[in-house]
Amino acid sequence: MPKILSIEDLLPLTDSIPLIDVRSPAEYELAHVPGAFNIPIFDNEERRQVGIKYKIGGKESAVLLGLDFVGPKMSTFVREAKKRARNKKILVHCWRGGMRSASMAWLFETAGLEVYILKGGYKAYRKYIREQFSRPVKMVVLGGYTGSGKTEILQTLKNQGEQFLDIEAVAHHRGSAFGSLGQKEQPSNEQFENSLADVWQKFDFNQTVWVEDESRQLGQIGIPDPLYQQICKAPLIKIYIPKPFREERLVKEYGLFEKPLLKEMIEKIRKRLGGAVTAEALKALETGDLEKVASLTLLYYDKSYDYGSLKRDPEKILGVELEKDDPAENAEIIKGLLNKI
């Protein structure tokens, strides 16, 4: 008989035993457990037809139709599972830990595999990971005006052994109106949460977890509320780097994109910049004066960041003046401030 495991017992096994998601391709593509392989018992159309049959004719009729669909594919399922299995062991889940996972587990076990089923299925997994973001951690937030090189500083700290939850990398977005430039297509919000949880669960929560100060929304994606609340309440190290260095960084990071694309991004913040400043920024863009474009857009971003900082507990904000944009040097300075927060 297949062994039925709770999500708490099954997740640690995914490091050594492959996880098979037997839901339909559409369900899998929307969102799935990171690292899971899709061997769908029904394709999208078959799942739709079985669902209709269940509503109209009841469970027995739906099961019979399902068997008609599955029968010719059983050997293919087994071959794929054996190819994925490790030491003849495999993990299986469907949406709620019901008939789909039980049926596939029976088939795989009949074919000689040792099978473990996730109790409650993907639904249980989703509930579990969202609860994990409420887990209290020693979190430190690195903030500062746009163009301060915060991500590079945190990446430097990560390379030195610190724990960095890189939310922007998982979201494929840098958080600003220009944040989608040069990024891959964003995942679904659900997949974003799954991928974020995959990183989160691997942290040692007895040690500091660093995050960058973020807005709740990054493009089309929202940070899970329990995690966002932790970010808002955690101590903030706010760095101040002279504006010329920040302008230089923005030109270096965004100046390689085509003018029409940059124009589109500027238009996104027209209302916040104001008509006159927007017109000035667009004119500077046309003439190739990217330093001026950066300077004008920072007028908006600096005000926006200051407004967001007002929502934080001032006693949990530690400001630090940095002389230049040197991520390696600044990382050392930031690391040295840990005992002051």
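The values are calculated or read from the model by the stated rules, or taken from the named source; none is laboratory data. Bear in mind the structure is a predicted one, so any value in this text is a computation, not a measurement. Cβ coordinates were reconstructed from backbone atoms using ideal geometry, including for glycine residues, and neighbour counts include every protein chain displayed. Just so you know, the surface numbers come from the protein's heavy atoms only, side chains and all, with ligands and any DNA or RNA stripped out. Shrake-Rupley method; radii C 1.70, N 1.55, O 1.52, S 1.80 Å.
Values for this structure:
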| quantity | calculated |
| --- | --- |
| Matching entry among SER180, SER188, SER176 (being touching an Asp or Glu at 6+ places or on another chain (Cβ under 9 Å) and small (Gly, Ala, Ser)) | SER188 |
| Checklist (1) at pLDDT 95 or above; (2) of a type in the set (Lys, Arg); (3) over 21 Å from GLY308 (Cα atoms) applied to LYS238, failing item | (3) |
| Test result for LEU65, among the aliphatic types (A, V, I, L, M) and under 30 Å from ILE221 (Cβ atoms) | no |
| Residues being over 18 Å from the mean Cα position of the chain (by Cα) and open to solvent by 30 Å² or more (accessible area, probe 1.4 Å) - total across the stretch 138-151 | 3 |
| Matching option when the condition is in contact with a helix residue (DSSP H, G or I) (Cβ under 6 Å, 6 or more places away or on another chain), loosely packed, with under 14 Cβ neighbours inside 10 Å and not in a strand (DSSP E or B), among ALA294, ALA328, ALA281, ALA276 | ALA328 |
| Count of the stretch 1-55 residues which are open to solvent by 60 Å² or more (accessible area, probe 1.4 Å) and β-branched (Val, Ile, Thr) | 2 |
| Residues of the stretch 22-62 classified as assigned to a loop (DSSP other than H, G, I, E, B), of a type in the set (D, E, K, R) and under 24 Å from the mean Cα position of the chain (by Cα), total | 1 |
| Qualifying residue in the stretch 259-281 (condition: at pLDDT below 95, touching a Ser or Thr at 6+ places or on another chain (Cβ under 6 Å) and either more than 27 Å from THR208 (Cβ to Cβ) or among the small types (Gly, Ala, Ser) (or both)) | yes |
| Verdict on ALA124 being farther than 25 Å from ARG270 by Cα, touching a residue at least 60 places away in the same chain (Cβ under 8 Å) and open to solvent by less than 10 Å² (accessible area, probe 1.4 Å) | no |
| From the options GLY308, GLY319, residue that is touching a residue at least 40 places away in the same chain (Cβ under 8 Å), surrounded by fewer than 18 Cβ atoms within 10 Å (Cβ to Cβ), within 18 Å of SER176 (Cβ to Cβ) and not charged (D, E, K, R) | GLY308 |
| Counted residues, the stretch 208-228 - those being open to solvent by less than 10 Å² (accessible area, probe 1.4 Å), touching a strand residue (DSSP E or B) at 6+ places or on another chain (Cβ under 7 Å) and not aliphatic (A, V, I, L, M) | 1 |
| Residue match in the stretch 88-100 (condition: assigned to a strand (DSSP E or B), in contact (Cβ under 8 Å) with a residue 60 or more places away in the chain and surrounded by fewer than 19 Cβ atoms within 10 Å (Cβ to Cβ)) | yes |
| Yes/no for LEU337 being within 25 Å of LEU157 (Cα to Cα), among the hydrophobic types (A, V, I, L, M, F, W, C), crowded, with 18+ Cβ neighbours inside 10 Å and touching a strand residue (DSSP E or B) at 6+ places or on another chain (Cβ under 8 Å) | no |
| Matching residues in the stretch 157-174 - criterion: being open to solvent by 30 Å² or more (accessible area, probe 1.4 Å) and over 19 Å from the mean Cα position of the chain (by Cα) | ASN159, GLN160, GLY161, GLU162 |
